[in-house]
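*Asks:* One structure coming up, written as C-alpha cells, with questions to follow.
The values are calculated or read from the model by the stated rules, or taken from the named source; none is laboratory data. What you see is a predicted model, and the numbers here were worked out from it, not measured in a lab. A quick note on method: Cβ atoms are made from the backbone with ideal geometry, for glycine too, and the neighbour counts reach across all protein chains shown. Note: accessible area is taken over every heavy atom of the protein model, side chains too, but ligands, DNA and RNA are not part of it. Shrake-Rupley method; radii C 1.70, N 1.55, O 1.52, S 1.80 Å.
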Amino acid sequence: MAKRWLVGWLLSLALLGSAAAAPGIFRTEVQAPIDKVYPAVHAALEAAHFWVVFEADMLASISRFAEEWGAEFNKSKLDAMRSMVVCNGWFTNTASGADPDLLALCPLHVSFYERAGTTVVLFARPTVLAQDSPGAAVAADIEKVVIQAINDGVAQAQ
C-alpha cells in the first residue's frame, strides 16, 4: 500500500513539475486566446503605470526562417508568441538610485504564447536577479506591481 502511494505521489510531483515554471519565472495561464489576453494585460500594465514601449510578434518574426530551420522551427507547435517591453520611469529612477546595476532590469518584458486556445503569460522575476542587491526591496515592489497587473489583465480576459 505504501509503495503504491509513493508511486502515485512521485507521478503527481512529476506532472506538477512539468507544468511549473522555473523559480525565476512568474507563469500564469488562461483558457482564452492571446488576442483577448494580450490587450487586457497591456491595458492593466498601463493602468499600473508600466508603459508599453515596444511590442514584438515573435512568431511572425521568426516565421521567415521556417524553411531554413526545418524540423527545428516552432518545435513546441505554438500558435502565437508575443512580447511587450514595459517601463516605469519612477521605478527605474528608484532602482538605479538603490543600485545602478539594477538598470540591467530596465526595461522589463512580459512574454505570451498560445497553444490550443490556452494563453500562457511569462515574466522574469526581478527579485531573483536582485536578491543580493541593495535594491532588492525595489525589485520586490516592481515584481509585485507587474504580477498584479498581469493577474488583473488575465482576469479581465476570462
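*Asks:* Span-like helices, the chain: DSSP H, alpha-carbon axial extent 20 Å or more, mean Kyte-Doolittle -1.0 or greater, which ones?
*Replies:* 2-19, 136-157
*Asks:* Related question: Would you list the P(r) distribution for region 87-158, with all Cα-Cα distances sorted into 10 Å bins from 0 and each bin expressed as a whole %?
*Replies:* Histogram of Cα-Cα distances, whole percents per bin: 19, 47, 23, 10, 1.
*Asks:* Go through [x] 22, 20, 17; [y] 29, 24, 16; [z] 27, 19, 12 and flag the label whose value is the computed semi-axes √(5λ) of the Cα gyration tensor in Å for this structure.
*Replies:* [y]
*Asks:* For the chain, with a Gaussian network of springs between Cα atoms less than 10 Å apart, report the residue from 36, 77, 144 with the top mean-square fluctuation.
*Replies:* 77
*Asks:* Counting heavy atoms of the protein chains only and a 1.4 Å probe, report the per residue accessible area for the chain as a whole number of Å².
*Replies:* 60 Å²
*Asks:* Moving to a separate point now. Please report the net charge: other residues with Cβ closer than 15 Å to the Cβ of residue 20, K and R +1, D and E -1.
*Replies:* Result for the local shell: +1.
*Asks:* Considering amide H positions built from the backbone, and no H for Pro or chain starts, which residues 5 or more places from residue 109, or on another chain, come under 5 Å of its amide H?
*Replies:* Excluding prolines and chain starts, which carry no amide H, the hits are 86, 124.
*Asks:* Could you check the spin-label model distance between residue 27 and residue 60? Points 7 Å from the Cα along Cα→Cβ, value in nm.
*Replies:* Going from the residue 27 label point to the residue 60 one covers 2.7 nm.
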